[in-house]
Amino acid sequence: EGKLSVFLFSRTISACTKAGRVDEAIFWFEEMQRAGIEPDTVAWNSIINACARAGRAAEAEMWLGKMEASGTTPDVVSYNIVINLCAHTDRPQEAQNWLKQMQEAGIHPDEVTYATVISALTKANMVDEAIDMLVTMEEVGLPRNQAAYARVVTGLGRAGRAREAAAWLFQMEEAGLKPIAPVYNWVIAACKKPPNPDLAERVARRLLGTQQMPNEFCVSTLRQILGPERFSALQAEIPLLHRAVAEVEQERRRQQGRREEGSPERRAPQRRKGKGKGRGPDKVNIIP
């Protein structure tokens, strides 16, 4: 009966969480305690997650602290919820602190834990710390994580560290992971300053070899780095690049036609610079 009661309360709290009714979730959790029913790990995680999903960071961390003080041992999910919240609220140091506290409590981080901390670090441009975290992740024998590698590569790309970004990209491929086009785009973009056309072409060839369609950003950046003659030669050699260029030019003509028509409704996409299809290194073009 006790286990059934915990289960029913946990289901109620979970339902409130999914519906975004955080205060109701807290009410039912406290009601469970008032009824003398000891919350289990699932119930504690549900209330921590309820606060985290609502962006109520201080409360999520408070409930994790209460869980520790109650004698119920948090599991990897408990800590991952809070670490993920730190990553989404741009608090890399707090994410690292929770990882350390997790380890001190004897809870072994999983690949999601490390990937989330790496995400928090790269968002804060703490790329070297992110690399150390990825190395540690591999040293403890966890499976190689695509998201973690991608964050490190893009972080290095944003920092303009093209050679390092490419080295991690190639290591990612060799590990059997499959980088998506934006990961390649960031490495190519890093080859602009200082100019490194040889590396840019090498990365572009690997991108095209995956049969992923280069977007407008990739095409224009690659043309700028390689120069017209070298870019044209590469375009003539690789049909997929030729097709990408044709689609980019077609889209530009379409956009130009819309501007000339002068319709405010049709001009609207122009005001959302960087948000349209294929614009920016993080955009992806899908091959139909």
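The values are calculated or read from the model by the stated rules, or taken from the named source; none is laboratory data. No experiment lies behind these values; they were computed from the predicted model shown. Please note: Cβ atoms are built from the backbone with ideal geometry, for glycine as well, and neighbour counts cover all protein chains shown. For the accessible areas, the whole protein counts, side chains as well, though only heavy atoms, and no ligand, DNA or RNA atoms are used. Shrake-Rupley method; radii C 1.70, N 1.55, O 1.52, S 1.80 Å.
Output the helices (runs of 4 or more DSSP H) that fall wholly within segment 1-118 and possess 2 or more residues being open to solvent by 20 Å² or more (accessible area, probe 1.4 Å), without any contact (Cβ under 8 Å) to a residue 12 or more places away in the chain and out of contact with any strand residue (DSSP E or B) (no Cβ under 7 Å at 6 or more places or on another chain), or say none. Lay out the reasoning, then the answer.
Numbers: elements: 2-18, 22-34, 41-53, 57-70, 76-88, 92-104.
Because the criterion is at least 2 residues that are open to solvent by 20 Å² or more (accessible area, probe 1.4 Å), without any contact (Cβ under 8 Å) to a residue 12 or more places away in the chain and out of contact with any strand residue (DSSP E or B) (no Cβ under 7 Å at 6 or more places or on another chain), the helices (runs of 4 or more DSSP H) in segment 1-118 that meet it are 2-18, 22-34, 57-70, 92-104.
Residues that are free of Cβ contacts under 8 Å to residues at least 24 places away in the same chain, over 26 Å from residue 156 (Cα atoms) and not aromatic (Phe, Trp, Tyr): list the helices (runs of 4 or more DSSP H) wholly contained in segment 181-269 that include at least 3 such residues. Can you show your working first?
Values: elements: 181-190, 197-209, 216-226, 228-237, 239-261.
Helices (runs of 4 or more DSSP H) meeting the threshold: 228-237, 239-261.
Please verify whether segment 133-145 includes one or more residues that are among the β-branched types (Val, Ile, Thr), within 30 Å of residue 195 (Cα to Cα) and open to solvent by less than 60 Å² (accessible area, probe 1.4 Å).
Step one: of segment 133-145, the residues among the β-branched types (Val, Ile, Thr) are 135-136, 140.
Narrowing the set further to residues that are within 30 Å of residue 195 (Cα to Cα) leaves 135.
Adding the requirement that they be open to solvent by less than 60 Å² (accessible area, probe 1.4 Å) leaves 135.
Looking through segment 133-145, at least one residue is among the β-branched types (Val, Ile, Thr), within 30 Å of residue 195 (Cα to Cα) and open to solvent by less than 60 Å² (accessible area, probe 1.4 Å).
For the condition open to solvent by 10 Å² or more (accessible area, probe 1.4 Å) and in contact with a strand residue (DSSP E or B) (Cβ under 9 Å, 6 or more places away or on another chain), what is the one hit in 212, 224?
Working: 224 fails: in contact with a strand residue (DSSP E or B) (Cβ under 9 Å, 6 or more places away or on another chain).
Of the residues listed, the single one that is open to solvent by 10 Å² or more (accessible area, probe 1.4 Å) and in contact with a strand residue (DSSP E or B) (Cβ under 9 Å, 6 or more places away or on another chain) is 212.
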When segment 146-167 is checked residue by residue, the ones that are in contact with a Leu (Cβ under 8 Å, 6 or more places away or on another chain), closer than 17 Å to residue 204 by Cβ and crowded, with 17+ Cβ neighbours inside 10 Å are 153, 162, 165, 166
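Out of all the residues in segment 211-224, is one or more among the aliphatic types (A, V, I, L, M) and under 24 Å from residue 161 (Cβ atoms)?
Yes, that holds for at least one residue.
Does segment 67-79 contain any residue that is in contact with a His (Cβ under 8 Å, 6 or more places away or on another chain) and not basic (Lys, Arg)? Please lay out each step first, then the result.
In the first step, residues of segment 67-79 are kept if they are in contact with a His (Cβ under 8 Å, 6 or more places away or on another chain); the result is 76.
This time we only want the ones that are not basic (Lys, Arg), so: 76.
Within segment 67-79 (the criterion being in contact with a His (Cβ under 8 Å, 6 or more places away or on another chain) and not basic (Lys, Arg)), the answer is yes, since at least one residue qualifies.
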Scanning segment 189-203 for residues that are open to solvent by less than 30 Å² (accessible area, probe 1.4 Å) and more than 16 Å from residue 229 (Cα to Cα) gives 189, 190, 191, 199, 203
